[in-house]
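Heads up, the thing below is written out as structure tokens.
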Amino acid sequence: MPEPINQAQAMRYNRHIVLPQIDLEGQERLLNARVLIIGAGGLGCSAAQLLCASGVGTLTLVDDDHVEVTNLPRQVLFTDADVGQYKVAAAQQKLNQLNASCQIKTYSRRLDLTELASQAGAHNIVLDCTDNLSARLATNAACAVSRTPLVSGAAIRFEGQLFTTSYAPGTSCYECVSALTGNPDLSCTESGIFSPVVAIIGAQQALIAMQLIAGIGKPLLNTLQLFDALSGQWQQFIVPENPQCTVCQG
Ligand SMILES: [Zn+2]
């Protein structure tokens, strides 16, 4: 049974609750929600910080990396003192300080496909905040098993990318995107990344997750959104479902 909202929570989340689209009921849904975040880098830090502050009940963070000094300009949950620590451990500590009532669960290792699929099924939404194509495709395949909605984000250089799928009939998945775009696998280590881009894309991922949980607005499905930080413009590309897709078809 979902927990009803208490008086302290009603006060804390007042600025959400006064929004008629959210109201007590929407905030209650956020408080009882579980979000799985794959990747605790720049995108994951940005999304997790917003979801935790906004009162999402449970966040599960998955990342096997340690904090490096080159992460600090954009991975805003980490400080100099965290260098060398597991990212998920440092993030858990900061998020606990931000909002002690948000449950933070962590995995400081990679999950295999079976574990990933089982974790996806145990959460309301999955945010893909990883930095490589193979992890993005694996996360998509895992979410498809239980049809857990996936909000996939990516950022490199001055470019951001956003794609949401619900796995409902008629909707394309990240594998369909990949088949269409070819999606070269670039890394921020070699190519560089402009810090605000990860904050913007991570915040968008949090926004879409909260939309889906609270049942407000309409996230764009079948659409790849690209952000160009040099012009400040967003472009949208329709991604139809690929009838040959091995993940979302059949
Ligand atoms: Zn597909």
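Pick from 182, 232: which is within 16 Å of the ligand (Cβ to nearest atom) and either among the acidic types (Asp, Glu) or without any contact (Cβ under 8 Å) to a residue 24 or more places away in the chain (or both)?
182
Determine which member of the set 135, 122 is over 25 Å from residue 156 (Cβ atoms) and touching a residue at least 40 places away in the same chain (Cβ under 8 Å).
Answer to the selection: 122.
So which residues in region 1-48 are open to solvent by 70 Å² or more (accessible area, probe 1.4 Å) and not charged (D, E, K, R), if there are any at all?
Once the filter is applied, which keeps residues that are open to solvent by 70 Å² or more (accessible area, probe 1.4 Å) and not charged (D, E, K, R), region 1-48 yields 1, 2, 4, 6, 7, 8, 11, 18, 19, 20, 21, 24.
Going through region 71-87 one residue at a time, which ones are more than 30 Å from residue 214 (Cα to Cα) and either among the small types (Gly, Ala, Ser) or touching a residue at least 12 places away in the same chain (Cβ under 8 Å) (or both)?
Selection gives 71, 73, 81, 82, 83, 84, 85, 86.
State yes or no: is residue 201 open to solvent by less than 30 Å² (accessible area, probe 1.4 Å), closer than 23 Å to residue 146 by Cβ and away from the ligand (no atom under 15 Å from the Cβ)?
No: the conditions fail for residue 201.
Could you please let me know if residue 237 is aromatic (Phe, Trp, Tyr), modelled with pLDDT of 95 or more and over 30 Å from residue 13 (Cα atoms)?
yes
Scan 193, 213 and give me the residue that is more than 16 Å from the ligand (Cβ to nearest atom), surrounded by 21 or more Cβ atoms within 10 Å (Cβ to Cβ) and farther than 24 Å from residue 121 by Cβ.
193
In the set 100, 142, 89, 117, which member is farther than 20 Å from residue 198 by Cα, modelled with pLDDT of 95 or more and exposed (fewer than 15 other Cβ atoms within 10 Å of the Cβ)?
100
Among (1) in contact with a strand residue (DSSP E or B) (Cβ under 6 Å, 6 or more places away or on another chain); (2) among the small types (Gly, Ala, Ser); (3) buried (at least 23 other Cβ atoms within 10 Å of the Cβ), there is one condition residue 108 misses while meeting the rest; what is its number?
Residue 108 satisfies all of (1) in contact with a strand residue (DSSP E or B) (Cβ under 6 Å, 6 or more places away or on another chain); (2) among the small types (Gly, Ala, Ser); (3) buried (at least 23 other Cβ atoms within 10 Å of the Cβ) except (3).
The values are calculated or read from the model by the stated rules, or taken from the named source; none is laboratory data. Here the structure is a predicted model, which is why all the values come from computation and not from measurement. Quick reminder, even Gly has a Cβ in these numbers, built from the backbone with ideal geometry, and neighbours come from all protein chains shown. Keep in mind that these areas ignore ligands, DNA and RNA; they rest on the heavy atoms of the full protein, side chains included. Shrake-Rupley method; radii C 1.70, N 1.55, O 1.52, S 1.80 Å.
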